[in-house]
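Asker: Submitted below is the structure of interest, expressed as structure tokens.
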Amino acid sequence: MKSLSNNNFQFILNKFDLESLLKKLKRTNYLSFYIEVELLNIEKFLIHGFSFSIHPNQTFYIPIKSKTNNINQIKLSEILLAIKPILENKNIKKIGQNLKFFYNIMRKYNIYINNMAFDTMLESYVLNSVSSFKKHDLYSLVDQYLNIKKKKYSVVKYYIKKEEFKKNKYREIKKNQFLYTNKEAQIILSLHHFFWKKIKKNKKIKWIFEKIEMPLIKVLARMENRGILINSEKLLKQSLKINIRIKKIIKETYKKTGIKFNLGSTKELQYILFNKLKLPIIQKTSKGVPSTNEEVLEKLSNMHYLPNIILEYRKLSKLKSTYIDKLPLMINPKTNRIHTSYYQAVTTTGRLSSRNPNLQNIPVKTKEGRKIRKAFIAQKGYKILSADYSQIELRIMAHLSNDEKLIESFKNNQDIHKITASEIFETTLDKVTQEQRNSAKTINFGLIYGMSTFGLYRQLDITHKQAQNYINKYFKKYQGVLEYMTYIKKRASKKGYVETIQGRRLYLPFINSHNKTKRQSSEREAINAPLQGTAADIIKKAMIILDHFFKKNNLHSYMLLQVHDELIFEIKESELIQSKETIKEIMENIIQLNIPLKVDIGIGDNWGETHNI
């Protein structure tokens with residue numbers, strides 16, 4: 001069958017056309033590509049075709065021969081053999097969308113994509129992490145920036161699920177799939193040209209893109225591929241214990257209230273709290289019914305014992321269903337490990353997020369939450385090493401605000417929370433209680449997050465007057481912090497954005513809003529975003545350098561997880577001394593601030609042991 005083509009689109013349906021395409025790709029300095037993949041589940045997928053482009057007005061599409069079509073196309077194995085030298089060629093710059101995903105796909109076929117130079121998802125992200133819908137996927141970018149009407153493949157898959165398509169139509173759609181406008185590579189190239197013109201104009205943003213976001217792709221891919229071992233038996237025992245506690249809570253609730261109801265049912269709980277017990281309605285949902293969210297239940301717990309019981313029930317139930325019972329089910333049978341996926345273009349501040357499972361949100365403040373970390377274990381002959389930046393955002397605040405007292409405290413390696421407590425509670429350092437230190441810690445971190453007087457008195461369960469008094473005393477001691485906060489809010493109002501130390505730009509679309517709530521929320525973001533964003537840039541850069549260190553020295557140790565300000569490693573016991581010293585040194589010297597960065601190192605057979613849990 002002859003190849004199907006027009007002025008700017010060509011189907012590659014035979015080996016002759018494939019050879020012709022390869023000659024063109026070998027001669028180019030750059031190319032964009034896209035792989036049409038259908039995910040069947042977390043482990044299985046089908047490749048339907050490859051799309052290549054070397055010019056914004058031209059696409060080459062190679063559909064894959066399959067059992068469901070009668071067209072004489074090329075087999076997947078033959079295509080992979082042909083394109084492997086192209087994708088692995090270090091002299092050809094690769095342009096793609098969500099390159100980490102395709103890097104992981106190709107690696108399963110022993111193809112390692114080299115010179116991944118531009119990812120349009122990350123180009124969009126570094127230009128504006130707060131896009132219209134906070135989305136940087138291909139179709140959203142097309143809708144926002146290009147005047148192209150593209151039929152989403154996901155729409156086709158949606159219709160396949162419809163009853164009328166379940167039998168014969170599914171096969172028909174797959175057979176004729178090449179009739180859809182598979183021009184992704186061409187679209188990606190157009191987006192790249194559009195974004196790159198903007199990125200080149202700002203040296204700082206260009207640096208963030210080239211030195212942090214792009215190199216991080218392979219680092220994250222290696223972490224995801226390695227995964228982490230889980231002790232299923234430990235989680236099973238914890239699940240059984242929590243189940244007993246949940247049943248006990250339910251039994252005691254029935255006994256105390258004299259009413260049998262489903263503690264997990266919002267509707268039944270609304271009836272019990274507001275109809276039976278006549279507790280006040282503090283807040284309503286968007287549907288106009290009384291809310292039973294955590295904030296409401298915390299307020300009601302001062303009036304009745306039941307809300308507090310419900311909070312405990314929800315906490316345990318969520319922990320059990322989200323982590324304790326779910327994690328063992330997510331173990332890969334081939335590796336016996338859990339493999340989370342990291343996302344670079346989700347948060348507005350530059351922080352990474354993880355999914356399937358989300359390991360960023362495992363609670364650390366509760367006893368049961370901390371126990372979960374004990375189930376993350378090292379393989380035989382290895383140790384788990386945790387490297388955790390100590391109070392990194394407070395240290396960044398000290399640098400940005402240039403507050404003399406804050407800088408002095410960190411330079412002298414003093415307990416910043418104890419010092420704050422001493423000032424606020426007007427007592428000597430040796431007489432500061434643990435409770436006072438905890439309150440000071442809430443104040444220290446709360447205020448750099450832009451916490452208001454209202455937020456503070458709710459958090460510490462004190463009066464509004466006491467909260468305001470604490471804030472006044474805090475800013476009296478740390479006047480530089482107050483001056484910085486005032487300055488950064490004014491700057492944000494004028495420019496519409498704030499920046500990290502490295503130059504990552506964080507836009508604030510509502511900073512000058514007439515809506516007071518939106519404006520104040522943006523002002524809090526203006527204070528916190530440079531701190532969180534700088535911390536994110538610091539740990540990302542550290543990850544890149546540490547990954548290079550392991551590879552350069554041919555070590556059999558691995559970086560496994562990134563959780564907020566902490567990196568988790570699996571270190572071979574014979575490499576422990578060398579790795580421990582280097583990890584600490586690299587992380588503490590990744591950036592020069594007015595005060596030193598401090599990294600706490602913990603070592604154990606499991607993640608929990610590294611924190612002495």
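Asker: Going by alpha carbons, how many degrees (0 to 90, nearest 10) lie between the helix axis of 392-401 and the longest principal axis of the chain?
Answerer: 80
Asker: Let me ask something else. Quick check on the range 274-424: take the gyration tensor over C-alpha atoms, sort the square-rooted eigenvalues as a ≥ b ≥ c, and tell me if it's rounded (a/c under 1.5), prolate or oblate.
Answerer: It is oblate, given that a/c is not under 1.5 and a/b is not larger than b/c.
Asker: A further question follows. Using 27 Å as the Cα-Cα cut-off, could you pick out the over-long pairs in Lys320/Lys518; Lys135/Lys371; Lys203/Lys411; Lys26/Lys552; Lys251/Lys367?
Answerer: Checking Cα-Cα distances, Lys320/Lys518; Lys135/Lys371; Lys203/Lys411; Lys26/Lys552 exceed 27 Å.
Asker: Of the accessible area of the chain, with the probe set at 1.4 angstrom, what percent is carbon plus sulfur?
Answerer: Carbon-and-sulfur percentage of accessible area, whole number: 49.
Asker: Treating only the Cα positions of the range 224-357 as identical point scatterers, give the base-10 log of I(q)/I(0) from the Debye formula at each q in 0.09 Å⁻¹.
Answerer: -0.41
Asker: Still on this structure, please answer the following. Could you tell me, in Å, what Rg and Dmax come out for the Cα atoms of the range 442-489?
Answerer: Over the range 442-489's Cα set, Rg and Dmax evaluate to 10.4, 30 Å.
Asker: Could I ask something else about it? How much length would be gained if the chain were fully extended between Asp430 and Lys494, taking 0.36 nm per residue of separation minus their Cα-Cα distance, in nm to one decimal?
Answerer: 18.5 nm
Asker: Tell me the net charge near Leu316. Cut-off is 9 Å between Cβ atoms, Leu316 excluded, with +1 for each Lys or Arg and -1 for each Asp or Glu. Please report the intermediate quantities before stating the final value.
Answerer: On the way: positive: Arg245, Arg314, Lys315, Lys318, Lys320; negative: Glu312, Glu368.
Residues near Leu316 contribute +3 overall.
Asker: Write out the chymotrypsin sites (Phe, Trp or Tyr not before Pro) in the range 280-352 meeting two conditions: DSSP loop, and at most 13 other Cβ atoms within 10 Å of their Cβ.
Answerer: Tyr305
Asker: Next up: Hey, can you rank 428-435, 242-249 by average C-beta count inside 10 Å, highest first?
Answerer: Descending mean neighbour count gives 242-249, 428-435.
Asker: Please say if the chain is rounded, prolate or oblate, where rounded means a/c under 1.5 for a ≥ b ≥ c the square roots of the C-alpha gyration tensor eigenvalues, and otherwise the choice is prolate for a/b larger than b/c and oblate otherwise?
Answerer: Taking the square roots of the gyration eigenvalues as a ≥ b ≥ c, the chain is prolate.
Asker: When a/c reaches 1.5 or more, the comparison of a/b and b/c decides; with that in mind, is the range 434-544 rounded, prolate or oblate per its Cα gyration tensor?
Answerer: Oblate, since a/c reaches 1.5 and b/c is not below a/b.
Asker: Please list, in order, the residues from the range 452-475 whose amide nitrogen is less than 19 Å from a point placed 7 Å along the Cα→Cβ vector of Asn302.
Answerer: 452-471
Asker: Measure up Lys418/Lys476; Lys100/Lys551; Lys201/Lys541 against 21 Å on the Cα-Cα distance and list the ones that go over.
Answerer: From the list (Lys418/Lys476; Lys100/Lys551; Lys201/Lys541), the Cα-Cα distance tops 21 Å for Lys201/Lys541.
Asker: Could you work out how far helix 479-495 tilts from the main Cα principal axis of the chain, as a 0 to 90 degree angle to the nearest 10?
Answerer: So the inclination is approximately 40 degrees.
Asker: Hey, another quick one. Normalising by the residue count of the chain, find the relative contact order in percent from Cα pairs under 8 Å and 6+ residues apart. Could the numbers behind the result be given before it?
Answerer: Values: 885 pairs, mean separation 85.2, N = 613.
About 14 percent, as a whole number.
Asker: Express the accessible area of the chain per residue in Å², computed with a 1.4 Å probe while the remaining protein chains stay in the model.
Answerer: Dividing the accessible area of the chain by its residue count gives 51 Å².
The values are calculated or read from the model by the stated rules, or taken from the named source; none is laboratory data. Computed from a predicted model, the values in this text were never measured in an experiment. All Cβ positions, even for glycine, are placed from backbone atoms using ideal geometry, and neighbour counts span all protein chains on display. Just the protein is used for accessible areas: all its heavy atoms, side chains included, with ligands, DNA and RNA removed. Shrake-Rupley method; radii C 1.70, N 1.55, O 1.52, S 1.80 Å.
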